[in-house]
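The structure appears right after this line, and notes come after that.
No value in this document is a laboratory result; all are computed from the given coordinates. Please read these numbers as outputs of a predicted model, since none were measured by experiment. Every residue, glycine as well, gets a Cβ built from its backbone with ideal geometry; the counts of neighbours run over all protein chains shown.
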Amino acid sequence: MSSTSAAVDEREEGLSFQPKFDATGLLTCVATDVATGELLMVAHMNEEALRKTIETGEAWYFSRSRKALWRKGETSGHVQRVREIRTDCDQDAVWIKVEQVGAACHTGRRSCFYRKIETAEGGPRLAFADAERLFDPGAVYKT
């Protein structure tokens with residue numbers, strides 16, 4: 001077995017945590033509700049965000065648009081308490097199961113996935129699904 005294939009085997013079958021960040025230093029994170037399995041959000045973590053998430057038990061992310069680390073709920077109070085962290089087969093994504101306090105989405109909704117794609121004449125269109133707001137983002141996120 002070559003050293004490359006041994007490294008792949010260890011990453012895919014071993015018990016050593018070896019997160020594989022992309023060329024920009026990020027990996028994808030999927031967050032679901034630990035009790036219901038509901039998909040809440042997809043975000044990105046850099047090495048520091050992943051480390052802080054593991055150490056603190058609260059979700060930390062890296063904002064690609066702001067180029068900044070942020071703790072979920074630091075402004076809104078709608079924190080994510082991490083109950084389990086999993087990684088995928090090649091360790092380039094993580095799945096966190098969380099206790100979501102309040103809304104996960106910055107739009108004030110429980111989940112970031114509040115629209116569904118429907119087929120319609122003229123092509124796909126969006127329709128709201130489970131889109132009730134839990135808070136007013138304008139009142140929470142003052143710019």
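Computed values, structure above
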quantity: Solitary cysteines of the chain, where the nearest other Cys Cβ is not under 4.7 Å; calculated: 29, 89
quantity: Summed side-chain charge close to residue 62 - residues other than residue 62 whose Cβ falls under 14 Å, Lys, Arg +1, Asp, Glu -1; calculated: +3
quantity: Top of 23, 68, 35 by mean-square fluctuation, Gaussian network on the chain, Cα under 10 Å; calculated: 23
quantity: Label-point separation in nm, residue 129 to residue 107, each point 7 Å along Cα→Cβ; calculated: 1.3 nm
quantity: Neighbour-count order for 85, 96, 117, 54, fewest beta carbons within 10 angstrom listed first; calculated: 117, 54, 85, 96
quantity: Residue order, fewest to most surrounding Cβ atoms within 10 angstrom, among 34, 82; calculated: 34, 82
quantity: Dipole in debye (nearest 20) - the chain, about Cα centre, beta carbon charges: Lys, Arg +1; Asp, Glu -1; calculated: 720 debye
quantity: On Cα atoms only, tilt of 47-56 relative to the major axis of the chain in degrees; calculated: 80 degrees
quantity: Additional length obtainable on full extension of the chain from residue 91 to residue 22, 0.36 nm per residue less Cα span; calculated: 23.8 nm
quantity: Where Rh is the Kirkwood radius over Cα pairs, Rg/Rh for the stretch 3-107; calculated: 1.00
quantity: The chain - share of DSSP beta bridges that are antiparallel (%, nearest 5); calculated: 80 percent
quantity: Sequence-separation-based contact order of the stretch 88-133, relative, with Cα cut under 8 Å and 6+ spacing, percent; calculated: 27 percent
quantity: Length-normalised contact order for the chain - Cα pairs under 8 Å, 6+ apart - percent; calculated: 20 percent
quantity: Stretch in the chain that is longest and holds no trypsin sites (Lys or Arg not before Pro) that DSSP places in a loop and that have at most 13 other beta carbons within 10 Å; calculated: 68-141
